[in-house]
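As structure tokens, the structure follows; a few thoughts come after it.
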Amino acid sequence: MRPDASWDSHGTAWSPSHQGRLEKSLEHLRKQMEDAMLFQAQAEETCALWQAGAGSGVKEGAVAECQTSLRHPVKMVESQRQNVLGEFERLRRLLAEEEQQLLQKLEEEELEVLPRLREGATRLGQQSSQLAALISELENRCQLPALGLLQDVKLQPPEVVPMELRTVCRVPGLVEILRRFRGDITLDPDTANPELVLSEDRRSVQRGDQRQALPDSPERFDPGPCVLGQERITSGRHYWEVEVGDRTSWALGVCKENVNRKEKGELSVGNGFWILVFLGSFYNSTERAFSPLRDPPKRVGIFLDYEAGHLSFYSATDGSLLFIFPETPFSGTLRPLFSPLSSSPTPMTICRLIGVPGDTLGPQ
């Protein structure tokens, strides 16, 4: 047996050099083991920091932030959860306060206007009673001159009380939320009335002074000055905005895909049209609307929730509600409808999406 050899438990001989290499390998493995245990401990603490955060999404650089936060007892996800809950609670309180203020204004309007209306109605009732009594007396005394009897009665018309609401329905931040559902809508030239002139990018429409020589088809509106959007809607929530500028008349809304586009009568809900018409100083629809009269909007937002049967119109200028249709059970395919109604140098322009979600919309 070699005097410089060593033996293991199995009787295998190892040289000193071989044993030295083995010890170095073991030392390296032990160091790796220590590193692995350290990483495991850090990973467990990081997981604890992000507990209940599965599916919340980890931002770039989050691991480094977690390691930095190991000194702090507050868990990052729980802290952010409290931030979210707190911010939405503040928003709910602000919205509740705004709601109460609007309701208070409406109540004040009611208390201001209703007594005047009732007083006028009462006065007219009294005058009607007086006239009825005189008529009865005339009938009994036909020989007396009627004018002599009527001279004592002077019919006083009631006070003219403005019936327009002054309180505007405006929910802070609502239009910004609705813009999450915006879509990129363009015009369908095959549906445009021959008097309508579309821009090359199919986003703007004007009513010209002359009819164009276009092929007639069941798809084309005529005589109605309308054009449809290319998009066909059968589900979901949708929002789009239209720049109307200083136009004194326009019509916007949606209609069923299969409407009669040669319709000469009123474009009503019964015929498959849900549209809001602006005529200079007031809004008109086949459904009754009580919209406060104010400066007309430069830009109109339209929100459609197909499943909820909801269609509403907003001033994208100040976020106020213009009109809302009664809840409607939509069925079949709907398409956006646009009508400039009258000739004007100002076109109606569908606002283009700008940048990434969250940005605003632009007319060009």
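The values are calculated or read from the model by the stated rules, or taken from the named source; none is laboratory data. Here the structure is a predicted model, which means the values were calculated and not measured. Positions of Cβ are backbone-derived with ideal geometry, glycine not excepted, and every protein chain shown enters the neighbour counts. Accessible surface areas use protein heavy atoms only, side chains included; no ligands, DNA or RNA. Shrake-Rupley method; radii C 1.70, N 1.55, O 1.52, S 1.80 Å.
For the range 234-357, the solvent-accessible area with a 1.4 angstrom probe is 43 square angstrom per residue.
The label-point distance for Glu107 and Met33, in a model that sets each label 7 Å from Cα toward Cβ, rounds to 7.6 nm. Residue ranking by accessible heavy-atom surface, 1.4 Å probe, largest first, among Leu353, Leu334 comes out as Leu353, Leu334. In this structure Asp222 has an accessible area near 40 Å², from a 1.4 Å probe over the protein heavy atoms.
Taking a Cβ cut-off of under 10 Å around Phe181, the surrounding Lys, Arg, Asp and Glu residues balance to a net charge of +3, with basic ones at +1 and acidic ones at -1. Ranked by the mean number of other Cβ atoms within 10 Å of their residues, highest first, the peptides 119-125, 344-350 fall in the order 344-350, 119-125. Between Thr333 and Glu257, the built amide H atoms are under 5 Å apart, and every one of these is 5 or more places off in sequence or on another chain.
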